[in-house]
Amino acid sequence: MAAAVPAKTTQNAAHLLRLILSCRKITAQVTSPTTQSIVAMASSSEQEFVAQYKAKLNRTPRTYMLWDSKIASRIGDKIALRLVEIGIESVRINAEEELSRPIYFRKMVGPFFDSVKRAGITVAGAEDIVFLG
């Protein structure tokens with residue numbers, strides 16, 4: 001008889017959701033657990049957000065941050081929709097990476113995770129993080 005192969009835990013097998021943040025844009029990427037390739041992506045540099053981006057960029061006095069919690073929430077909606085379309089129901093995040101972010105970024109990404117959860121995507125690791133805001 002062949003030896004039973006232990007099943008992977010859902011924590012290790014889940015797709016990884018990463019946020020790339022800068023003062024100019026927010027990007028969400030979901031990578032495959034086996035190949036590390038990007039399977040879904042949403043960014044504030046997409047066509048839908050260009051008008052808002054240009055308005056903030058050309059405003060006087062200039063603003064430091066060109067995205068806010070409302071845009072983060074809309075990015076969360078977009079990535080969740082794309083995940084549902086390809087059949088992914090759960091993702092995981094690196095909680096240490098999220099906790100290492102400056103407080104002003106953590107305040108603005110709280111609505112992102114809320115909108116992903118509202119769309120029915122389970123986010124493992126987000127329950128340990130308190131998003132201020």
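The values are calculated or read from the model by the stated rules, or taken from the named source; none is laboratory data. Note that the structure is predicted; figures quoted are calculated from it, not measured. Cβ atoms come from the backbone with ideal geometry, glycine included; neighbour counts cover every protein chain shown.
Collect the residues in segment 82-128 that are part of a loop (DSSP other than H, G, I, E, B), out of contact with any His (no Cβ under 8 Å at 6 or more places or on another chain) and crowded, with 18+ Cβ neighbours inside 10 Å, keeping them in residue-number order. Across segment 82-128, the qualifying residues are Ile93, Ile121, Gly125. Residues of segment 53-92 that are charged (D, E, K, R) and under 21 Å from the mean Cα position of the chain (by Cα): Asp68, Lys70, Arg74, Asp77, Lys78, Arg82, Glu85, Glu89, Arg92. Among the residues of segment 84-115, just one is under 16 Å from Ile20 (Cβ atoms) and at pLDDT 95 or above, namely Val91. Report yes if Ala72 is touching a strand residue (DSSP E or B) at 6+ places or on another chain (Cβ under 6 Å), surrounded by 14 or more Cβ atoms within 10 Å (Cβ to Cβ) and not in a loop (DSSP other than H, G, I, E, B), otherwise no. In short, yes. Against the test of being out of contact with any Ser or Thr (no Cβ under 8 Å at 6 or more places or on another chain) and either modelled with pLDDT of 85 or more or within 15 Å of Val123 (Cα to Cα) (or both), the options Ser22, Ser73, Ser43 yield a single qualifying residue, Ser22.
Against the numbered list (1) aliphatic (A, V, I, L, M); (2) in contact with a helix residue (DSSP H, G or I) (Cβ under 6 Å, 6 or more places away or on another chain); (3) surrounded by 16 or more Cβ atoms within 10 Å (Cβ to Cβ); (4) within 14 Å of Leu17 (Cβ to Cβ), Ile79 comes up short only at (2).
Scanning segment 42-60 for residues that are within 18 Å of Arg24 (Cβ to Cβ), among the hydrophobic types (A, V, I, L, M, F, W, C) and touching a Lys or Arg at 6+ places or on another chain (Cβ under 6 Å) turns up at least one hit.
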